[in-house]
Amino acid sequence: MELKLYNSLTRQKQLFEPIDAKRITMYACGPTVYNFVHIGNARPAVVFDTVYRVLRSVYPKVIYARNITDIDDKIINKSNELSIDINVITKKYSEAYFDDMQALNTLTPDETPYATDHIPEMIEMVQALVDKGHAYATDSQNEADKGHVLFSVPSMPNYGELSKRNLEEQEAGARVEVAGYKQYAGDFVLWKPSTDNEPGWDSPWGRGRPGWHLECSAMIKKHLGDTIDIHAGGHDLVFPHHENEIAQSSCANDGKALANFWMHNGFINIDGEKMSKSLGNFRLVNDLLKQYPGEVLRYVILSAHYRSEQNFSKELLDSAWRTLDTVYGFIRGIDPQAAILNRTGEGYKALLDDINTPVAISELYRLAKAANQAQGAEQQSLMAELAGLADILGLLQQDPEQWFTVARGDDQLTTEQIEEQIQARQQAKQDRDFAKADQIRQQLLDAGVVLEDSREGTQWRRA
RNA sequence: GGCGCUGUAGCAAAGUGGUAAUGCAGUGGACUGCAACUCCGCCAUCGUCGGUUCGAUUCCGACCAGCGCCUCCA
């Protein structure tokens, strides 16, 4: 039983070999909390939650950390814009994030470090970089430029390893305005000065705040170690974010690798276009949850391989919902069984092969369908295997009866009303008044309730 | 200019050097008072053109069409 993962660093799928099989360490870049998160933020959360679940099925202990970025210029801007204290904003949106992620059935990471709780660690790392000649404080001659500390990219010979970038070759097409205080165009900020009305912390270079990349490096070192097994995030973070994290950590830790495996998820587009503010096509998880169960969103995300791009659309969501209806329909009324993971099953094997969730999901469907048709011990065994696979995918965690009967969106009828109507229809059928029976059924259908007759009676579900 | 990705049925999405999983939709049939559910069946030669090979959707090359990063970004 081997786990293979695609490693962005080597650009190939390779056998996952942990540093310490008794303690797996994994870090995923979390959100900057200045707004509700959109579906694109949900993808890494769901994907790496699944990776976490797979790892836990293989190894006895996995430490998964996902940070909250609660100090950032975007947050400061929002704070100024709305004249609301920055802490109020970060509290509100970090809580909203946790709620959304729970709706997507992601497990709570073992560590949720906040950037602002790690200022001393960050300062310490900057100091180490300065001491080792990998960083420099800007000249204090010019008052405006004073107080910056920059990472010196030329001080690191193998800079660019992750993104395979050669800074010289990029200059031709790059439109980066180079700040005057930089010694080299590619140098990036470790520490920047804060004005009096900006949040800041005292440091050897004056009152200021950390640069974007620094927190991850500092928090990884503190909570997980100098070198971790897996570092994950969205594909767009490869450069510059992760590249710079590597530079900081590696140089601060005397050349040790920051992570052995780098995993990056592909983007989510909306109706064929990238989500962007100018297009106004952001899909907030919070809004989508008003129309779809969280499980539908999770299912959609896992129905494509995590490295490929995925196009979100209403059609995709509706289709996923119908599929889940079918699957829950298969197991509705069957006694649930304690989960037993079939480690030689196709679904689990697919997950071990670079987290191939689409194949695992098709196996989930196959098992549910087979359970629907089986009887007795065979059925129990299929249900146990189904539960085992479903647990790793974080799907099918609801009671099927609930899945079908909990009101969806704008449903008007209560369960009691529906069952009353079903009784009335039953009577009409017994009286062989089919016209009336059909009329009741149609009325219910118009109200979003589908009836399913069987020898045992009438079952209903919301559609 | 540099780095990189994608192109498989109406939609979604796996996959393999030996004629392509799966889901949704559609469709034929069974079941049903009629439906719904369910069951049985049908529905693609894998962007184009070359090359390698006994054989390619799968390898190589070119081309076409999309797209991402290089600036905040999941």
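The values are calculated or read from the model by the stated rules, or taken from the named source; none is laboratory data. This is a predicted model, so every value here is computed, not measured. Cβ sites come from the backbone with ideal geometry, for glycine too, and all protein chains shown count toward neighbours. We work out accessible area using only protein heavy atoms, side chains counted, and drop any ligands, DNA or RNA first. Shrake-Rupley method; radii C 1.70, N 1.55, O 1.52, S 1.80 Å.
Some notes on this structure:
- Inspection of the stretch A:247-268 finds a residue satisfying the criterion of being under 25 Å from A:Lys164 (Cα atoms), within 9 Å of RNA strand B (Cβ to nearest atom) and open to solvent by 20 Å² or more (accessible area, probe 1.4 Å).
- Set side by side, the residues A:Ala377, A:Ala435, A:Ala384 differ, and just one is away from RNA strand B (no atom under 11 Å from the Cβ), open to solvent by 70 Å² or more (accessible area, probe 1.4 Å) and either in contact (Cβ under 8 Å) with a residue 24 or more places away in the chain or farther than 19 Å from A:Gly294 by Cα (or both), which is A:Ala377.
- No other residue among A:Gln291, A:Gln310 is crowded, with 16+ Cβ neighbours inside 10 Å and not assigned by TED's automatic domain parsing to the domain that holds A:Val450 apart from A:Gln310.
- Here A:Asp117, A:Asp110, A:Asp73, A:Asp99 are screened, and the one residue that is surrounded by fewer than 18 Cβ atoms within 10 Å (Cβ to Cβ), under 25 Å from the mean Cα position of the chain (by Cα) and within 16 Å of RNA strand B (Cβ to nearest atom) is A:Asp73.
- Of all the criteria given as (1) within 7 Å of RNA strand B (Cβ to nearest atom); (2) outside any helix (DSSP H, G or I), the one not satisfied by A:Arg441 is (2).
- Extreme residue, nearest to the chain's Cα centre (by Cα), among residues of the stretch A:446-460 that are touching a residue at least 40 places away in the same chain (Cβ under 8 Å) and more than 8 Å from RNA strand B (Cβ to nearest atom): A:Gly448
- Picking from residues in the stretch A:40-70 that are part of a loop (DSSP other than H, G, I, E, B) and under 24 Å from A:Gly208 (Cα atoms), the one that is nearest to RNA strand B (Cβ to nearest atom) is A:Asn67.
- For A:His242, the requirement of being closer than 23 Å to A:Lys4 by Cα and assigned to a strand (DSSP E or B) is not met.
- Any hit, the stretch A:15-33, residues being of a type in the set (Ser, Thr, Tyr) and part of a helix (DSSP H, G or I): no
- Within the stretch A:326-351, the set of residues being among the charged types (D, E, K, R), near RNA strand B (Cβ under 9 Å from one of its atoms) and either under 18 Å from A:Gly394 (Cβ atoms) or in a loop (DSSP other than H, G, I, E, B) (or both) comprises A:Arg332 only.
- Verdict on A:Asp49 being open to solvent by less than 10 Å² (accessible area, probe 1.4 Å), charged (D, E, K, R) and out of contact with any strand residue (DSSP E or B) (no Cβ under 8 Å at 6 or more places or on another chain): yes
- Test: residue in the stretch A:9-20 that is of a type in the set (Ser, Thr, Tyr) and modelled with pLDDT of 95 or more: no
- Filter result for the condition that a residue is open to solvent by 30 Å² or more (accessible area, probe 1.4 Å) and at pLDDT 95 or above, over A:Trp212, A:Trp201: A:Trp201
- Residue pairs meeting the criteria (Cβ under 6 Å; at least 6 apart or on separate chains; first touching a residue at least 60 places away in the same chain (Cβ under 8 Å) and closer than 19 Å to A:Gly30 by Cα, in the stretch A:265-290; second of a type in the set (A, V, I, L, M) and in a helix (DSSP H, G or I)): A:Asn265/A:Val47; A:Ile268/A:Ile39; A:Arg283/A:Ile39; A:Val285/A:Ile39; A:Val285/A:Ala42
- Subset of the stretch A:26-39 that is closer than 12 Å to A:Leu288 by Cα and near RNA strand B (Cβ under 8 Å from one of its atoms) - its residue that is surrounded by the most Cβ atoms within 10 Å (Cβ to Cβ): A:Ile39
- Considered as a group, the residues in the stretch A:245-272 that are of a type in the set (Asp, Glu) and assigned to a loop (DSSP other than H, G, I, E, B) include one that is farthest from A:Ile119 (Cα to Cα), and that residue is A:Asp271.
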